[in-house]
Amino acid sequence: MIFEQLFEPESSTYTYLLACEETRQAVLIDPVQSEIERYIQRLKQLHLTLVYTLETHVHADHITGAGILRERLGSKSVLHRNADVQCGDLLLGDDCLLRIGQLEIETRYTPGHTNACMSYVWENKVFTGDALLIGGCGRTDFQEGDAGRLYDSIHQKLFTLPDDIQVFPGHDYHGNTSSTIGHERQYNPRLGHQQTREGFIELMNNLKLPYPAKIKEALPANQECGHQTSVQ
Ligand code: FE
């Protein structure tokens, strides 16, 4: 199996390339529009065909590359069905299984950061988007965010995975690349140390974070698979 973690520094976004060595079919999780040439070059180098782009959610801080990759490479865009993205090709729910060559990717609906967040489980890895971050979690103050819902998603859908499952988040702002479920369940400053649901809600409702710099252009563009601003 082929697995690479790619980083986009402006929004500190991680994109993941997963591929089947036998069929040479590949998926990209959370591709960023400004990095498309790099993805295409890498796919060519590895002789891979991009089958799907998987979004963990509709992003507020960067523009997705899903639409342009579909045009250039014929890939299909996959999102949660609550995302309200009409241009999506495959709108999935909880507990779906995507088969790409010999890869099997399971979907887990993990709302709370937004109402359409999806985590993807593949072998010993879980791609958590902005639901669970390394030593943190996604904010819950816009895009139908809900701190109580995020607590439930993380506890019911992510912390129920085995301790040694590797956590690969949608972002990291401190240079960390991965963690494990066991480590986050125990030590995550917002959710570990037996944090209660009430304590978590209180903490999340008092973060007072500034809005992401690109939210005004990113959200409408991402409802169109990234197309609105692709001509800039
Ligand atoms: Fe996000």
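Any idea which of Leu48, Leu79 is surrounded by 15 or more Cβ atoms within 10 Å (Cβ to Cβ), out of contact with any Pro (no Cβ under 6 Å at 6 or more places or on another chain) and under 18 Å from Gln5 (Cα atoms)?
Details: Leu79 fails: under 18 Å from Gln5 (Cα atoms).
From the options Leu48, Leu79, the qualifying one is Leu48.
Given the conditions (1) more than 15 Å from the ligand (Cβ to nearest atom); (2) open to solvent by less than 40 Å² (accessible area, probe 1.4 Å); (3) of a type in the set (Val, Ile, Thr), report the number of the one that Ile63 does not fulfil.
If we test Ile63 against (1) more than 15 Å from the ligand (Cβ to nearest atom); (2) open to solvent by less than 40 Å² (accessible area, probe 1.4 Å); (3) of a type in the set (Val, Ile, Thr), just (1) comes out false.
Just to be sure, is Val58 within 16 Å of the ligand (Cβ to nearest atom), in contact (Cβ under 8 Å) with a residue 24 or more places away in the chain and open to solvent by 10 Å² or more (accessible area, probe 1.4 Å)?
In short, yes.
Does His47 fit the bill of being part of a loop (DSSP other than H, G, I, E, B) and touching a residue at least 24 places away in the same chain (Cβ under 8 Å)?
Working: part of a loop (DSSP other than H, G, I, E, B): yes; touching a residue at least 24 places away in the same chain (Cβ under 8 Å): no.
Taking the combined requirement at face value, the residue does not satisfy it.
Tell me the helices (runs of 4 or more DSSP H) entirely within the stretch 143-225 that contain at least 1 residues that are open to solvent by 50 Å² or more (accessible area, probe 1.4 Å), touching a Ser or Thr at 6+ places or on another chain (Cβ under 7 Å) and within 16 Å of the ligand (Cβ to nearest atom). Reasoning before the result, please.
Numbers: elements: 147-153, 181-187, 197-204, 215-223.
The qualifying helices (runs of 4 or more DSSP H) are 215-223.
Condition test on Arg139, is it outside any helix (DSSP H, G or I) and either open to solvent by 40 Å² or more (accessible area, probe 1.4 Å) or more than 16 Å from the ligand (Cβ to nearest atom) (or both)?
Details: outside any helix (DSSP H, G or I): yes; either open to solvent by 40 Å² or more (accessible area, probe 1.4 Å) or more than 16 Å from the ligand (Cβ to nearest atom) (or both): no.
Judged against the criteria, Arg139 is not a match.
Testing Leu92 on (1) touching a residue at least 40 places away in the same chain (Cβ under 8 Å); (2) open to solvent by 10 Å² or more (accessible area, probe 1.4 Å), one condition comes back false. Which one is that?
Against the list (1) touching a residue at least 40 places away in the same chain (Cβ under 8 Å); (2) open to solvent by 10 Å² or more (accessible area, probe 1.4 Å), Leu92 comes up short only on (1).
Quick one: is Glu37 among the acidic types (Asp, Glu) and open to solvent by 70 Å² or more (accessible area, probe 1.4 Å)? Write out each step before concluding.
Values: among the acidic types (Asp, Glu): yes; open to solvent by 70 Å² or more (accessible area, probe 1.4 Å): yes.
Taking the combined requirement at face value, the residue satisfies it.
A quick yes/no check of all residues on (1) assigned to a strand (DSSP E or B); (2) farther than 27 Å from Ile68 by Cβ; (3) of a type in the set (Phe, Trp, Tyr):
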site: Leu91; (1), (2), (3): yes, no, no
site: Ile105; (1), (2), (3): yes, no, no
site: Gly112; (1), (2), (3): no, yes, no
site: Ala116; (1), (2), (3): no, no, no
site: Ser119; (1), (2), (3): yes, no, no
site: Phe127; (1), (2), (3): yes, no, yes
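For Gly129, which of the numbered conditions (1) touching a residue at least 12 places away in the same chain (Cβ under 8 Å); (2) at negative phi fails to hold?
That leaves (2) as the condition not met.
Out of the stretch 73-112, which residues are closer than 23 Å to Met204 by Cβ, within 16 Å of the ligand (Cβ to nearest atom) and touching a helix residue (DSSP H, G or I) at 6+ places or on another chain (Cβ under 6 Å)?
Those that are closer than 23 Å to Met204 by Cβ, within 16 Å of the ligand (Cβ to nearest atom) and touching a helix residue (DSSP H, G or I) at 6+ places or on another chain (Cβ under 6 Å): Thr110, Pro111, Gly112.
What are the residues in the stretch 15-34 that are over 16 Å from Ala60 (Cβ atoms), surrounded by 14 or more Cβ atoms within 10 Å (Cβ to Cβ) and in contact (Cβ under 8 Å) with a residue 40 or more places away in the chain, if any?
Tyr16, Leu18, Ala19, Cys20, Thr23, Arg24, Gln25, Ala26, Val27, Leu28, Ile29, listed by residue number.
The values are calculated or read from the model by the stated rules, or taken from the named source; none is laboratory data. The model shown is predicted, which means the values in this text are computed figures rather than measured ones. Note: ideal-geometry Cβ built from the backbone for every residue, glycine included; neighbour counts use all protein chains shown. Accessible surface areas use protein heavy atoms only, side chains included; no ligands, DNA or RNA. Shrake-Rupley method; radii C 1.70, N 1.55, O 1.52, S 1.80 Å.
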